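Engineer: Questions regarding the structure given below will be posed in turn.
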Amino acid sequence: MSIHDNIDKIAYAVSALGTIADHLVTRIGLLNPRIAEFNGFTILLRRHNLWLSFDIFVLMVSLGLPYLIYSRSNIKGRWAIVVFPLLFGIARLGATVHNIFVILFMT
């Protein structure tokens, strides 16, 4: 088994890990009164108590749509569809690392 054979599983794992880690670390950071959320969309979601629901929805879409396309298609280059969850997960992991540094330097 090579990475190419498991790229879909890797992409799904990175997407799930990134989304969950970013959400949890952000929640932990917001417990500190000196740390504020600067993403206006997240502020709006938090104000209406939809932040967790939205992240669950985003996780389902980032995993579900590529999975359906990847598993139901016989196109030769179908593996390219998993680039979306892979890049999305990497971006969320980047946000997680950023949030960790904010927490460390603001406490």
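Engineer: For region 51-91, how many residues are of a type outside the set (Asp, Glu) and within 18 Å of the chain's Cα centre (by Cα)?
Structural biologist: The total comes to 27.
Engineer: Run down 17, 24, 45 and say which single residue is surrounded by 15 or more Cβ atoms within 10 Å (Cβ to Cβ) and either in a helix (DSSP H, G or I) or of a type in the set (Gly, Ala, Ser) (or both).
Structural biologist: Only one candidate passes the filter, namely 45.
Engineer: Tell me, which residue of region 92-107 that is within 12 Å of the chain's Cα centre (by Cα) and not charged (D, E, K, R) is surrounded by the fewest Cβ atoms within 10 Å (Cβ to Cβ)?
Structural biologist: Residue satisfying both the conditions and the ranking: 94.
Engineer: Quick test for you: out of 38, 88, 54, 84, pick the one residue that is over 22 Å from residue 10 (Cβ atoms) and in a helix (DSSP H, G or I).
Structural biologist: The conditions single out 54.
Engineer: So, one more: Is it the case that region 74-81 has a residue that's small (Gly, Ala, Ser), under 16 Å from residue 6 (Cα atoms) and outside any helix (DSSP H, G or I)?
Structural biologist: Yes: one or more hits.
Engineer: Considering only residues that are of a type in the set (S, T, N, Q) and more than 15 Å from residue 92 (Cα to Cα), look in region 1-50 and name the one that is farthest from the chain's Cα centre (by Cα).
Structural biologist: 2
Engineer: Of the residues 59, 50, which single one is surrounded by 12 or more Cβ atoms within 10 Å (Cβ to Cβ), farther than 14 Å from residue 99 by Cβ and free of Cβ contacts under 8 Å to residues at least 40 places away in the same chain?
Structural biologist: Only one candidate passes the filter, namely 50.
Readers should treat all values here as calculations from the given coordinates under stated rules, not as data from a laboratory. Predicted model only: the values in this text are computed from it and were never measured. Heads up, the Cβs are rebuilt from the backbone with ideal geometry, glycines too, and the neighbour counts pull from every protein chain shown.
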